[in-house]
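To start, the structure under review is shown below, and the notes come after it.
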Amino acid sequence: MRAKMGAAWGKLSPRQKSWTMAATVALISATAGYGLSQLGEGGSQTNGDGGSSSAECEDVLYWYDPMVPGQRFDEPGKSPFMDMELVPKCAGEEATSGVQIDAGLVQNFGIRTADAEYGVLEPEVSVTGVLAYNGRDVAIVQPRAGGFVQRTYGRAPDDVVGRGAPLADILVPEWGGAQQEYLAVLNSGDEQLAQAMRERMRLLGMSNGQISSVSRTGRAQATITVTAPTGGAITMLGVRPGMTVMAGQTLAEITGFSPIWLEASVPETQAANIRVGQPVSATLTAFPDERFSGPIIAILPSAQDASRTITVRAQLPNPSGRLKPGMFAQVSLTPDTRRALLVPSEAVIRTGRRTIVMIKQDEGGFMPAEVRIGREAGGRTEVLAGLSQGEEVVTSGQFLLDSEASLAGLDVRTIEQTGQDQDQDQEGEDEPATFSAIGTIEKIADASVTLRHGPVPRLDWPAMTMTFRTKNAAQISGFEKGDRVRFTFTQQDAGPRIETIRRAGQ
C-alpha cells in the first residue's frame, strides 16, 4: 500500500502537490478549532441529529463559530465559515469563575501549574565591552620656555614610555645669556644681586635644580631635556627635530592604561539595576581561560540613540600591561539581589498591551489575571503587582487557556482587583520569626534601606546586597550611607522588614 501511495504521489505535478498539502493543513486546522470549542464548553456532546445540544442552557444568548468568534447568530445551525455546528453561548457564563476544564482534559493537554512564592532573584546581565585608555591618567607635555628642538630620541605615536623617559632636547637661547650673567654675579660676590638673578632665571622657566646645577658646575646649560611626567602610551606627538617651539606649546600627550578602562554597552532597560561600585567580570578572546574583575567607576549620562544602550565604565587592574586598549570583552554584571514574589518565566504571557498569567481557580477553573513584572533571571520572573503569594499559575498550556478565555469573552482580573495589598501586613497571624545580621548601608530611601549584609544562616542566605522595608522614616533617621549597622528583620509577604537597627558597636 505504501509503495502504491508513493508512486501516486510521485506522479503528481508540483502544483498538485501544493494543493494537496494545503487541503491537508486546512482539514487539520478545522479539526483543531472544533477541539478548542469543545474544550471551552467542557466537552459538551451533540444530539442524535448532529445538532449542538442546548439542553443545558436555560437561556441561550446567541450562537457562534469558535473559529470566527466575533460573528454572532440568532439561531443554531451550520456555520457559514466551517463545516461544523454553531456553538451556543449560555447566559450566565460571564459570571463563572474562569475557563472550566474537565479534569481529564487538563491531563490530556499537559496543563501544569506552579505556586507564586517569595524568593531571592539573582539576575545576571551579559553584555559586550571594549577596553580603552584610562582617561583619568593623561599627561600633557609642554616646554617651560621657547626654543629650537635639537633631538627627539626617536619617539613615535603609540610608543610606550616610562616615567622620566626623555622626549626632546630643546635649545633655549635666552637661558644661555641669563646663566652667563648669573655666573658673573656669583664671581663678584654680590649675594643680593645673585638672588635677583636666580629669580629672573625662574621667571624664564628654569627649575631650581637647573639653577643649582649652573651654580655647582660653573657652566651655562642652555639646553633643556623634556621628559615624560608619567608612564603610558604616547597618544599624540607634535615635536620633530629642527622645529621651533613656544613656551606652553603641546609637544606630546601621554595616556596611561594601568589600570585600564572597560566600557560596556548595557541596555537601557537594565539602567535601574546598575550602580557605581558594583563589581563586573570580563572574559577576553585573547585570554579565554582567565576572568578579569573590577568595579564600575562611572555610568555615562547619555544613551546611544541607535542601540538604546547606556555606557558603563569599569576599571580593571593591568599591572603587566597585557590588556590592550581596543580588545573585545564579554562582560557579566550582577545587579543587587533582592527578595521578591517570583513565578516561572514560562507562565508569563505578553500580549503587547499588557502582561497576564493564567491562575488556577477552584473546581477546575482558570482565570486570566493582569500582572506587572520586574526583572527576570534563572527562568524566574519578578511579579511587582497583580498576584498574591500561594496563587497557582499555569506554566504549560497557558496559551491554549488564554485563547479559550478570549473566545469566551472572560474579563481579565486587573491589578486593582487582586484582593490583597502586598505592602500591608497580614493581621491575625502568629508573630513572625526575627532574624539578625550585620551590614553596611548602601542607600536610604523614604520607606526602605539598602544594606550590603553578611550571611544569614537561619535562612540559608549568602552575603548579598538587598533592600529592606522600614516601619517608618524615623527608624532610619540619623543614619548615612556607609554606616556599618547591626539590625534585625522579619519576613513579610511584601519582603523583609527592618524591626530594629543601630550602629555596630553600640
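The table below gives the values:
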quantity: Cα shape, segment 138-188, gyration tensor, a/c 1.5 rule; calculated: prolate
quantity: Spin-label pair Ile438/Thr227, simplified geometry with 7 Å Cα→Cβ offset, distance in nm; calculated: 4.8
quantity: Listed peptides 350-361, 365-376, 470-481 by packing density, highest first (mean Cβ within 10 Å); calculated: 365-376, 350-361, 470-481
quantity: Solvent-accessible area per residue, Å², over segment 434-506 with all protein chains present [probe radius 1.4 Å]; calculated: 51
quantity: Lys/Arg +1, Asp/Glu -1 at C-beta; segment 219-305 dipole; positive extreme among Ser281, Pro301, Gly256; calculated: Gly256
quantity: Percent RCO, i.e. relative contact order, over segment 271-378, from Cα pairs under 8 Å lying at least 6 residues apart; calculated: 20
quantity: Shape of segment 196-296, Cα gyration tensor, a/c cut at 1.5; calculated: prolate
quantity: Nearest-20 debye value, segment 185-299 charge dipole, Cβ charges on Lys, Arg, Asp, Glu; calculated: 440
quantity: Accessible surface of segment 190-344, 1.4 Å probe, proportion on carbon and sulfur as whole %; calculated: 54
quantity: Two-site label geometry, Glu376 and Met243: point separation in nm, points 7 Å out along Cα→Cβ; calculated: 5.6
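The values are calculated or read from the model by the stated rules, or taken from the named source; none is laboratory data. Everything quoted here is computed from the prediction, not taken from an experiment. Quick reminder, even Gly has a Cβ in these numbers, built from the backbone with ideal geometry, and neighbours come from all protein chains shown. The area values use the complete protein model at the heavy-atom level, side chains included, leaving out ligands, DNA and RNA. Shrake-Rupley method; radii C 1.70, N 1.55, O 1.52, S 1.80 Å.
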